[in-house]
Amino acid sequence: MCKLDSKKGTTILLKVKFGHIDDMVVGAQTNSVTAKGSIFTSRQAAYEAANVAESKKSLSTLVLDVRKVTVLADFFVICGASSQSQAKAIVNSIEKMLESLGFKPLNVEGKTEGRWILMDFGSVMIHVLQEQERTFYNLEKFWNHALIVDKTSWSNTKTNC
């Protein structure tokens, strides 16, 4: 476990395993993943987001572990929606849940149109697409080298926060 301190007082914890970053936890002002005194990892944030999406009747929710294929993020959560209003409801619920855990989005794109909404939480990126876009762009095929996290690993997982 490495601890790095930035100039802004942000603490970054890195758990290094076999030469690559296994989990990255960022605290303080940036992509905060510390909640109520415990460390909230990118994996837990992705699992929480997937469960919230499922609770809003998301279509075909998928969690991808992309740590070994990109530096963009650790996890992608991809979920489908049958309408613009459902896509927005999923996004609002995910945002509310993760913010309650201290995990603030760096950016949210596409919310106005509601066809493909991208929520960037730094180490977790959440894609909420209407089914037509989901089928057309087929993100899981594009990221086919990523590990698909088995639904039993994240479904109804509760954090200790």
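For every residue, the table says whether it meets (1) closer than 19 Å to N51 by Cα; (2) of a type outside the set (A, V, I, L, M, F, W, C).
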position: L98; (1), (2): yes, no
position: D120; (1), (2): yes, yes
position: E133; (1), (2): no, yes
position: T152; (1), (2): yes, yes
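Of everything listed in (1) of a type in the set (D, E, K, R); (2) part of a helix (DSSP H, G or I); (3) farther than 12 Å from I78 by Cα, the single unmet condition for E133 is (3). I'm checking my understanding of the structure. Among residues of segment 94-136 that are surrounded by fewer than 19 Cβ atoms within 10 Å (Cβ to Cβ) and of a type in the set (K, R), which one is nearest to K68 (Cα to Cα)? Ranking the candidates gives K104 first. Listed by first and then second residue, the pairs linking a residue in segment 138-154 that is over 11 Å from F76 (Cβ atoms) to a residue that is assigned to a helix (DSSP H, G or I), with Cβ atoms under 6 Å apart and 6 or more places separating them unless they lie on different chains, are W154/Y47; W154/A50.
We did not get these values from a lab; they are worked out from the coordinates using the rules stated. Since we're looking at a predicted model, the values are computed, not measured. Using ideal geometry, Cβ is built from the backbone for each residue, glycine included, and neighbour counts are taken over all protein chains shown.
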